[in-house]
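The values are calculated or read from the model by the stated rules, or taken from the named source; none is laboratory data. Computed from a predicted model, the values in this text were never measured in an experiment. No Cβ is skipped: glycine too gets one built from the backbone with ideal geometry, and neighbour counts run over all protein chains shown.
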Amino acid sequence: MRMKNDKGEELYFNDVTKNGKPLWILKGIGDTLIMGRDRQRKKSRVFTQSAQAEAYLKRHGFRPAWVD
C-alpha cells in the first residue's frame, strides 16, 4: 500500500511471508528516508510485528495515499 504524510514523504507498506513468518516492510519512495532503530537513515525497514509497524506509521503521520 502506498502511504504519505503531510511533509510530502511517501513510502510503500507491504506485508510478506519469509521462511513461514510474517514481516512488514516499509520502503521509501524517492528521497524519503526511514529512521532505523538507532536513528540511522535508511531506504527501507523490516518489522516482525504489525503493531510496531503501525506505531511507526502513526508516529510519523503516514496515511494511505488514496485517502487524500
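Worth a mention:
- Scanning the range 1-28 for residues that are outside any strand (DSSP E or B), at pLDDT below 95 and not small (Gly, Ala, Ser) turns up 1, 5, 6, 7, 9.
- Which numbered condition residue 67 fails, given (1) exposed (fewer than 10 other Cβ atoms within 10 Å of the Cβ); (2) within 13 Å of residue 1 (Cα to Cα); (3) modelled with pLDDT of 95 or more: (3)
- The range 6-24, residues that are more than 23 Å from residue 66 (Cβ to Cβ) and either surrounded by 11 or more Cβ atoms within 10 Å (Cβ to Cβ) or of a type outside the set (Ser, Thr, Tyr) (or both): 18, 19, 20, 21, 22, 23
- In the range 25-52, residue surrounded by the most Cβ atoms within 10 Å (Cβ to Cβ) [restricted to those that are within 15 Å of residue 2 (Cβ to Cβ) and among the hydrophobic types (A, V, I, L, M, F, W, C)]: 26
- Across the range 24-47, the number of residues qualifying as over 19 Å from residue 63 (Cα atoms) and in contact with a strand residue (DSSP E or B) (Cβ under 6 Å, 6 or more places away or on another chain) comes to 2.
- Failed criterion for residue 2 (all others in (1) charged (D, E, K, R); (2) surrounded by 14 or more Cβ atoms within 10 Å (Cβ to Cβ); (3) touching a helix residue (DSSP H, G or I) at 6+ places or on another chain (Cβ under 6 Å) hold): (2)
- Scanning the range 32-56 for residues that are among the charged types (D, E, K, R) and in a strand (DSSP E or B) turns up 41, 42, 45.
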